[in-house]
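Step one of this worksheet: look at the structure below.
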Amino acid sequence: MTDRVFETFGQRLRKCRNNKNMTKEQVAEALGVTQDYYGKIENDKLMLSYDILEQLYRMEWDIGYIITGCELGQE
């Protein structure tokens with residue numbers, strides 16, 4: 001079992017954001033939310049909503065990884 005299983009949604013979201021070389025401000029703007037709201041999601045103070053997940057999917061983020069902690073093709 002890998003450590004990634006114990007990552008939170010927020011940690012995985014942050015990792016995806018960093019992999020896309022985006023700032024919190026850029027992601028918040030793309031999602032149409034405030035930076036404060038997005039920051040609370042990354043800090044696990046708010047849960048990801050279906051609407052946010054759908055928008056991330058449309059932005060070609062790996063929502064499967066964000067939800068499960070497993071990247072495509074991994075068990």
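The values are calculated or read from the model by the stated rules, or taken from the named source; none is laboratory data. Owing to the predicted nature of the structure, the values given are computational and were not obtained by experimental measurement. No Cβ is skipped: glycine too gets one built from the backbone with ideal geometry, and neighbour counts run over all protein chains shown. Accessible surface is based on the protein model in full, side chains and every heavy atom, while ligands, DNA and RNA are left aside. Shrake-Rupley method; radii C 1.70, N 1.55, O 1.52, S 1.80 Å.
Per-structure values
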{"read-out": "Ser49 paired with Lys20, simple spin-label distance in nm, labels 7 Å along Cα-to-beta-carbon", "value": "1.8"}
{"read-out": "Surface share of carbon and sulfur [accessible, 1.4 angstrom probe, percent] for the chain", "value": "50"}
{"read-out": "Net length gained if the chain between Leu31 and Gln11 were fully extended (0.36 nm per residue, minus Cα distance)", "value": "5.4 nm"}
{"read-out": "Segment 1-70: GluC sites (Glu not before Pro) falling in loop per DSSP and having at most 14 other Cβ within 10 Å", "value": "Glu60"}
{"read-out": "Rounded if a/c under 1.5, otherwise prolate or oblate - the chain, Cα gyration tensor axes", "value": "prolate"}
{"read-out": "Heavy-atom accessible area per residue - the chain, 1.4 Å, Å²", "value": "69"}
{"read-out": "Loop sites in segment 6-75: chymotrypsin sites (Phe, Trp or Tyr not before Pro), DSSP, at most 15 other Cβ within 10 Å", "value": "none"}
